[in-house]
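Below: the structure, in structure tokens.
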Amino acid sequence: MSLSHTVGLLTHPDEEWEAIRNESESVSKLYFGHIFILALIPAAAAFYGTTQVGWQIGGSQVIRLTTGSALQLCALAYLAMLAGIYIIGKFIDFFAATYDVKESTPRGITLAAYTATPIFLLGVIAVYPNIWVNMAVGIAAIAYAVYLLYEGLPILMKIPEERGFMFASSVLTVGLVMFVGLLAISVVVWSMGVGPQYVS
């Protein structure tokens, strides 16, 4: 199963990337065996954290979201994660010809999914919605995801490390642009009345 690679990516990523390359999973198996499950972690944690724990700004009272509002926002975030993996994966496949990848099997979604593993796992910190704690853990998760990207791309695509570095940098740029785009879309969605509703 896809989830069996999760621990390996955290403990011995090089060997695990080799194992992932040799498996050649289908996109449907990857989604059902890995992405759907792990993407639930940050979404469910955020739902619990924002409705049951809440957060404070300075010395103010604890702020919580209504159940309906939190469910709506967490569902949208979950769908955004699923779509984001697919879109970045397709960009990776599109860039493959530019970087002279000889592999005939598309590997983009596989690379995107497994690279996002630490972000999914450490998303559990959302059960405690403290901005400083969440930022620190989020930065650590993103840093390790970037490491997995640079380490795994040349292995998965069977290209030299120098070319892999440039390829991974292009993928990272696309990811950053998508993140900014997601923030812009969030502002538009909130302005349409889908924004957070707080417990009074």
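The values are calculated or read from the model by the stated rules, or taken from the named source; none is laboratory data. Since the structure is predicted, the reported quantities are computational estimates derived from the model, not experimental observations. Quick reminder, even Gly has a Cβ in these numbers, built from the backbone with ideal geometry, and neighbours come from all protein chains shown. Remember, those area values only see protein heavy atoms, side chains included, never the ligands or the DNA or RNA. Shrake-Rupley method; radii C 1.70, N 1.55, O 1.52, S 1.80 Å.
A Förster radius of 22 Å combined with the Cβ-Cβ distance from Lys102 to Asn22 puts the calculated FRET efficiency at roughly 0.85. Note on the range 16-38 and the range 43-107: Cα centroid distance 19 Å, given to the nearest whole angstrom. Rolling a 1.4 Å probe over the protein heavy atoms gives the chain an accessible area of 55 Å² per residue.
Report, to the nearest whole %, how much of the accessible area of the range 3-55 belongs to carbon and sulfur atoms, 1.4 Å probe, protein only. Taking all protein chains in place, the range 3-55 shows 65 percent carbon and sulfur surface. Taking the longest Cα principal axis of the chain as reference, the axis of helix 13-23 is set at about 70 degrees. For the range 119-200, the fraction of 1.4 Å probe accessible surface lying on carbon and sulfur atoms is 77 percent. Only aspartates and glutamates eight or more places from Lys90 in sequence, or on another chain, were considered; those with a Cα closer than 20 Å are Glu23, Glu25, Asp100, Glu103, Glu151. With a simple spin-label model that places each label point 7 Å from the Cα along the Cα-to-Cβ direction, the separation between Lys158 and Phe94 comes to 2.5 nm. Note on the chain: helix-only mean residue ellipticity at 222 nm, from DSSP H runs of 4+ residues weighted -39500 (n - 2.57) and normalised by residue number, equals -21500 deg cm²/dmol. Estimated at the nearest 10 Å², the accessible area of Leu183 is 90 Å² with a 1.4 Å probe. Take the Cα pairs of the chain, get the Kirkwood Rh, then feed it into Stokes-Einstein at 20 °C and 1.002 mPa s and tell me D in µm²/s. So the translational diffusion coefficient is about 120 µm²/s. Remark: the chain carries a charge dipole of roughly 620 debye about the Cα centre, counting +1 on each Lys and Arg Cβ and -1 on each Asp and Glu Cβ.
Within the range 74-181, the GluC sites (Glu not before Pro) that combine a DSSP coil assignment with at most 16 other C-beta atoms in a 10 angstrom radius are Glu103.
Per-residue packing, averaged as other Cβ atoms within 10 Å, sorts the ranges 106-118, 27-39 into the order 106-118, 27-39, beginning with the highest. Given their separation in residues at 0.36 nm each and the Cα-Cα distance between them, Val7 and Gln56 gain 14.2 nm when the chain is fully extended.
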